[in-house]
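Have a look at the structure below, then the notes.
The values are calculated or read from the model by the stated rules, or taken from the named source; none is laboratory data. It should be emphasised that the depicted structure is a prediction, and the values quoted were computed from it without experimental measurement. Cβ atoms come from the backbone with ideal geometry, glycine included; neighbour counts cover every protein chain shown.
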Amino acid sequence: MSTINLFVTSSLSSQAIARQARFDKALTIRQLKVKLEMMVGSSNSKMQLQLFDPRDKLAGDMADDDAMLGAYPAEDNWRIHVVDLDPSKRVGEFEDLSQVEKFELNEEQYDQRADTVRSFKRNNKLGRFADDAKDPNDEGKEEAAAITVGQRCEVTVDASMAKRGVVRFVGRTQFKPGYWVGVQYDEPLGKNNGSVDGVKYFVCPQSYGAFVRPSYVRVGDYPEVDLASDLDEM
């Protein structure tokens with residue numbers, strides 16, 4: 001088997017959260033660190049990698065940057081723990097949102113502003129403010145009718161990177177009017193775990209779930225994304 005499924009944890013996380021990804025055994029440890037940098041936020045030059053078996057027993061350090069991943073006794077469901085050696089980093093610094101200043105408007109304040117998209121649409125009779133406006137609860141209904149839960153899909157929102165996954169929900173929601181498609185991505189590129197504002201629409205690991213308009217979803221035979229296949233695109 002040329003690829004293996006490994007769990008990844010980080011010393012910077014204050015919670016015991018493990019992400020799972022597939023890696024090619026032909027990767028060198030140096031190349032593996034570059035991929036892990038995108039997952040855990042540590043600089044690849046400041047990483048120390050430790051390998052643990054499924055019983056959480058330390059199998060050893062992965063200290064040779066030129067050695068291949070396959071040279072270590074890693075198998076499916078083993079775990080790589082990334083130790084961040086940068087003294088300026090602190091545990092949980094990427095998780096603490098309390099220090100982020102938030103700008104918030106309630107519904108009434110937003111509706112009264114003249115410099116918003118809503119105000120522009122209202123003044124120009126666009127969208128739901130048009131004379132022949134359709135019911136916003138029916139937005140995306142026709143596109144949603146062609147999408148079925150369980151189908152493989154590819155999601156492209158505007159000019160963003162295409163993401164692949166599985167359709168887990170199709171229908172109306174409580175968080176916004178119209179029809180939405182709930183997708184469980186192959187990679188942790190989402191925004192939730194299938195729940196929004198305390199309402200559960202489907203279940204998946206945190207950061208793998210997302211809701212998008214049906215027009216952004218294409219269903220078909222889209223193979224699962226292989227993280228190990230894009231080495232030449234780093």
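Would you check which residues across region 156-189 are over 23 Å from A145 (Cα atoms) and not charged (D, E, K, R) and list them?
Within region 156-189, A159, S160, M161, P188, L189 meet the criteria.
Being buried (at least 20 other Cβ atoms within 10 Å of the Cβ), touching a strand residue (DSSP E or B) at 6+ places or on another chain (Cβ under 8 Å) and closer than 10 Å to Y208 by Cα: is that true of V183 here?
yes
If you go through region 41-53 one residue at a time, do you hit one that is free of Cβ contacts under 8 Å to residues at least 60 places away in the same chain, in a helix (DSSP H, G or I), exposed (fewer than 13 other Cβ atoms within 10 Å of the Cβ) and not assigned by TED's automatic domain parsing to the domain that holds C204?
Among the residues of region 41-53, at least one is free of Cβ contacts under 8 Å to residues at least 60 places away in the same chain, in a helix (DSSP H, G or I), exposed (fewer than 13 other Cβ atoms within 10 Å of the Cβ) and not assigned by TED's automatic domain parsing to the domain that holds C204, which makes the answer yes.
Please determine whether any residue of region 182-189 is at pLDDT below 95 and not acidic (D, E).
Yes; the residues of region 182-189 include at least one that is at pLDDT below 95 and not acidic (D, E).
Could you please tell me which pairs satisfy a Cβ distance under 7 Å, a separation of 6+ or placement on different chains, a first residue in region 133-147 that is without any contact (Cβ under 8 Å) to a residue 12 or more places away in the chain, and a second residue that is outside any loop (DSSP other than H, G, I, E, B) and of a type in the set (G, A, S)?
A133/G127
Can you name the residue in region 140-165 that is among the charged types (D, E, K, R) and surrounded by fewer than 15 Cβ atoms within 10 Å (Cβ to Cβ) and is also modelled with the lowest pLDDT among such residues? Walk me through how you get there before you give the answer.
Let us first name the residues in region 140-165 that are among the charged types (D, E, K, R), namely 141-143, 152, 154, 158, 163-164.
Cutting the leftovers down to surrounded by fewer than 15 Cβ atoms within 10 Å (Cβ to Cβ) gives us 142, 158.
On the way: E142: 92, D158: 83.
Across region 140-165, the extreme among qualifying residues is D158.
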